[in-house]
Amino acid sequence: MREQRASAPRTKPAVLTRMRSAAGRGAPVVTYTLIGISVSVYLLQMIPGLGVTGAIRYAGLYSHPGYLEPWRMMTSVFAHGSILHLLLNMYTLWIFGQLLEGLLGRWRYLALYLLSGLAGSVGVLWLAPPNMPVVGASGAIFGLMGAFLVIQRRLGGQATQLFVLLGINLVIGFIPGMNVAWQAHLGGLAAGALIGFILVETRKRSQRRLQVWLLVAVGVVLLLLSLRYFLFPIA
């Protein structure tokens, strides 16, 4: 039996095999993965009594020293408040994710998404009441749109329709009763535009190291901004 086990071919899970095959074909596997995580988290949110939403949503209060749970700034990006909220965000992610993942490469695209999501939570921390809970990938998705807009403009592409789309989405966030965290939209949009500028201006092979350090710097600045209640203590 030992000899048979040693000579038997090793098998891999079908999911891993398919993902590697898709990656080899240039498929947007990071976008697939982000959508899959968001859908899975929403299904867990739907289980009565599990309390997933309450455990991973974010509010400025969770950055206060007395209630410090900083991981919520990222976990809230993968939660959603309703099936419509989820579908709209995932549809937008599907559109811009495919474009940007192919344009930037998987790791730069993932860095853009995560940093924009963090920036959305930072926007909530600074601009929203501390007891206002938020969930959703809107900050990260606005970051994708901001980056795409900057890249299009810098490379001479047509961006009029994207300007209109961004304008409509920003205005919706300020309409009373819409229950939209416009603070996350602004935070994600600003960070995404900055990251898009960094990526397009350091796209030469000789600038790769500079590009990495600039992205790290953006992350460090966001982390410093997340220390609002440590830097400016309140009662």
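The values are calculated or read from the model by the stated rules, or taken from the named source; none is laboratory data. Remember, predicted model here, so these are calculated numbers, not experimental data. With ligands, DNA and RNA removed, areas are computed over all heavy atoms of the protein, side chains included. Shrake-Rupley method; radii C 1.70, N 1.55, O 1.52, S 1.80 Å.
For region 61-161, what is the accessible area per residue in Å², given a 1.4 Å probe and the full set of protein chains?
Result: 45 Å² per residue.
What is the distance in Å between the Cα centroid of region 202-235 and that of region 78-116?
Taking the Cα centre of region 78-116 as reference, the centre of region 202-235 is 21 Å away.
For Cα pairs less than 8 Å apart in space and 6+ apart in sequence, what is the mean separation divided by the residue count of region 31-119, i.e. the relative contact order in percent?
Relative contact order here is 32 percent.
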